[in-house]
Amino acid sequence: MSTLASFQTIGVVGSGAMGRGIAQLMAQSGVPVRLFDTNPAALASAIAAVAETFAKLAEKGRMTPADAQASTARLSSVDTLQALAGCDLVIEAIVERLDVKQKLFVELEGIVGENAVLATNTSSLSVTAIAAACQRPQRVAGYHFFNPVPLMKVVEVVSGARTGRAAVDQLVTLTQRTGHTPVVAQDMPGFIVNHAGRGYNTEALKALGEGAADVPTIDRVLREQVNFDGQGFKLGPFELMDLTGLDVSHPVMESIYRQFYDEARFRPSALAAQRYAAGLFGRKTREGFYVHADGKQQTPAEPALPTVAALPPVWVAPGPRADRLIEAVAALGATVESNSSPSPQALVLVAPLGGDATSAAAGLPADRVVAIDALFPIAPGQCRRRVLMCTPATQPAYRDAALALFASDGAAVSLLRDSPGFIAQRVLAMIVSIATEIAQQRIASPQDIDMAVRIGLGYPKGPLAMGDALGPAVVLEILNNLHAVTGDPRYRPGGWLRRRAQLGLSLLQED
Ligand SMILES: NC(=O)c1ccc[n+]([C@@H]2O[C@H](COP(=O)([O-])OP(=O)(O)OC[C@H]3O[C@@H](n4cnc5c(N)ncnc54)[C@H](O)[C@@H]3O)[C@@H](O)[C@H]2O)c1
């Protein structure tokens, strides 16, 4: 592999999980790396671990033995910070404390040449604040990798308030040459990925806090009902929080919320705060949203679905999703009434967007109303899971008839308590809403937002492309209705979304 043109020698400070990953990636890409850590044992273990990784890659045939040897030789440990003199880039991956990072950057400025770039791998601190202590803040940038570094192939290059264009451009070029994908972000809390990622967990926690559904139901809905070209989310939000650990995710939720001066869209959950206080962190404490035994998540079985002797006729309320609903119900073999109002026996189906079943039942016999989420296709063969909601007045016989009808082709069915926006609608609308605000604030380009989230969070699509697939006008309607039903400003749609929905433009369209 050729040597990276712009940087001849890279220093990495901090040899923990991130520092060693960054050192590995750079050495593997052909640049000599000097690794430093104040803890000599950590440093020695990092050097040994990276050498072992190269050896294993060679064994598996993913690297030639010569490459493995050369990459190992490119990585050396140094036992003083002074030994980083001569590096034209130093990447810092030490403890996440502003005072400690500022002190390190000031020291580094006295050691490296005047054109050297200084980069920080901070996740949650302000790059601008770290650079503020420096003589030449224009050469300080954020360089935010994800864990594990070699496998997570996206890197945020973060431009602080006084970062120069040259530092950003050089880091972008370096990243491209490592084979990772660079995305450029302005220095705002959470940059792109940790900012855009707020919608998923926070809205799922909000739905849980409202008692809309239990933990496994919310996870199942987001994995199996969400359907972008056949793909839902790989992990439900609670499975994900149990994996990451609530000790990590909850403070991030709180920090982003506070840094944006209590922006309602990021409001964390009192439920999560309580579970955090109780030490229910997830896998690492063997108890979180799920119990974990022998390293395995214990997922309660789904409730059994009722069977009914005979299905009542079905009447579908008019509305934007009525055609989709009539087609599905007919394909499932039910008798669909075509009168302008339901007969006295009819099961009355509604398909609200953003509203709850009770609001959708206005003017209808609420004791026979069942709502279904028709955001994604619901016809037989087109869905894995359907999601229903009853009003508090719905008679059990009509609830059971709807459950039996919608399970009759073998699809799974989830039943929620009456709540606005089912689960998928409200969670997806919040993901899109937050991403459009990131675009509106010019924190990153729409393309970089989608790229960063798709690779960094493993979503089935970038959030703006998700909004386009659902239809910007549909997302706007969901948010407007959530806002109207709840009065909660977290659901107020922003300008980027509203304008593009109104003009019939893609959410990726810049102006
Ligand atoms: N772990 C992640 O998932 C992740 C992801 C992205 C960014 N980050 C950020 O990367 C940085 C490092 O995180 P990590 O998970 O690798 O931490 P870590 O605890 O695994 O490693 C930190 C290392 O830095 C060393 N260190 C501490 N102070 C030092 C100093 N003043 N000079 C030199 N070495 C020092 C420690 O001895 C330790 O070996 C943090 O800023 C963190 O926020 C972490």
Next item on the list: Determine the gain in length on full extension of the stretch M152-A17; use 0.36 nm per residue of separation and subtract their C-alpha separation, reporting nm with one decimal.
Entry: 47.3 nm
Margin query: Of A402, L505, Q69, which is farthest towards the positive pole of the chain's charge dipole, taken about the Cα centre with +1 and -1 on the beta-carbons of Lys, Arg and Asp, Glu respectively?
Written below: Q69
Check: Kirkwood-based Rg over Rh for the range 10-187 (C-alpha set), two decimals?
Finding: 0.95
Next item on the list: Starting with the highest mean, order 422-428, 269-275, 6-12 by the number of other Cβ atoms within 10 Å, averaged over the residues of each peptide.
Entry: 422-428, 6-12, 269-275
Checklist line | Distant-in-sequence amide H partners of V155 (H built 1.01 Å from N, under 5 Å) | finding: T181, V183
Notebook entry, point to check: What does the charge dipole of the range 263-306 about its Cα centre add up to, to the nearest 20 debye, if the Cβ of each Lys and Arg holds +1 and the Cβ of each Asp and Glu holds -1?
Noted result: 180 debye
Next item on the list: Give a residue-ordered list of calculated ³J(HN,Hα) values for the range 417-422 (Karplus: 6.51 cos²θ - 1.76 cosθ + 1.60, θ = phi - 60°; whole Hz; x for Gly, Pro).
Entry: 7, 4, 6, x, x, 6
Notebook entry, point to check: Where in the range 312-343 is the amide nitrogen less than 13 Å from a point lying 7 Å along the Cα-to-Cβ axis of Q382?
Noted result: 321-332
Note to self: To make sure I understand, if each residue's beta carbon is the centre and we count other beta carbons within 10 Å, what order do T394, T128 fall in, fewest to most?
What the structure shows: T128, T394
Notebook entry, point to check: Under a no-solvent Debye model with one identical scatterer per Cα of the range 111-249, what's log10 I(q)/I(0) at q = 0.12, 0.14, 0.16 Å⁻¹?
Noted result: -0.61, -0.76, -0.89
Check: Where the centroid of each part is defined by its Cα atoms, how far is the range 378-401 from the range 231-294 in Å?
Finding: 30 Å
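Rounded to the nearest 5, what is the percent of antiparallel bridges among the DSSP beta bridges in the chain?
25 percent
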Item checked: Residue-wise HN-Hα coupling along the range 156-170, computed from phi with Karplus coefficients 6.51, -1.76, 1.60 (Hz; x: Gly, Pro) -> 8, 9, 10, 9, x, 4, 10, 5, x, 4, 4, 5, 5, 4, 5
Margin query: If you take every residue apart from G14 with its C-beta less than 15 Å away from the C-beta of G14, what net charge results, scoring Lys and Arg +1 and Asp and Glu -1?
Written below: 0
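For the range 314-416, count all C-alpha to C-alpha pairs, find those more than 24 Å apart, and express that count as a whole percent of the total.
On the way: 526 of 5253 pairs.
So the portion of pairs separated by more than 24 Å is 10 percent.
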Checklist line | Paramagnetic reach from A73 in the range 4-47 [backbone N under 13 Å; point 7 Å along Cα→Cβ] | finding: 32
Note to self: Need one number: nm distance between label points at L98 and Q176, each 7 Å from Cα along Cα→Cβ, rounded to one decimal.
What the structure shows: 3.5 nm
Item checked: √(5λ) per eigenvalue of the Cα gyration tensor, the chain, largest first, Å -> 50, 23, 20
Note to self: Can you list residues from other chains, or at least 5 along the same chain, whose modelled amide H is less than 5 Å from the amide H of G288?
What the structure shows: G282
Checklist line | Stretch gain in nm, segment A331-A264, where the contour uses 0.36 nm per residue and the Cα spacing is subtracted | finding: 19.9 nm
Margin query: As a quick test, which of the pairs K60/K153; K56/K284; K103/K461 have an alpha carbon distance above 29 angstrom in this structure?
Written below: K103/K461
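Do the sum for the chain: with -39,500 (n - 2.57) for every DSSP H run of n ≥ 4, divided by all residues, what is the mean residue ellipticity at 222 nm, to the nearest 500 deg cm²/dmol?
Computed ellipticity for the chain at 222 nm equals -12500 deg cm²/dmol.
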Next item on the list: Note the full-extension length gain between A166 and T80 as 0.36 nm times their separation in residues minus their Cα-Cα distance, in nm to one decimal.
Entry: 28.2 nm
Notebook entry, point to check: Percent of alpha carbon pairs in the range 366-511 separated by more than 25 Å?
Noted result: 37 percent
Checklist line | Percent breakdown of C-alpha pair distances by 5 Å bin, ordered from the shortest bin, for the range 195-298 | finding: 2, 13, 22, 25, 20, 12, 5, 1, 0
Check: For the range 222-374, what are the per-bin percents of Cα-Cα distances with bins 10 Å wide, up to the bin holding the maximum?
Finding: 9, 24, 24, 22, 17, 3
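Please rank V369, V350, fewest neighbouring Cβ atoms within 10 Å first, as an exposure proxy.
Final ranking by Cβ density, sparse to dense: V350, V369.
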Notebook entry, point to check: Taking the alpha-carbon centroid of each part, what is the distance from the range 422-449 to the range 305-327 in angstrom?
Noted result: 33 Å
Item checked: Long-range amide H partners of L75 with built H, under 5 Å -> V33
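Looking at the range 384-459, what % of the alpha carbon pairs are farther apart than 19 Å?
When every Cα pair of the range 384-459 is considered, 55 percent fall beyond 19 Å.
Values quoted throughout were computed directly from the atomic coordinates according to the rules given, and no laboratory measurement underlies them. Model, not experiment: these values are computed from the prediction. Here Cβ is always computed from backbone atoms with ideal geometry, including for glycine, and neighbour counts include all displayed protein chains.
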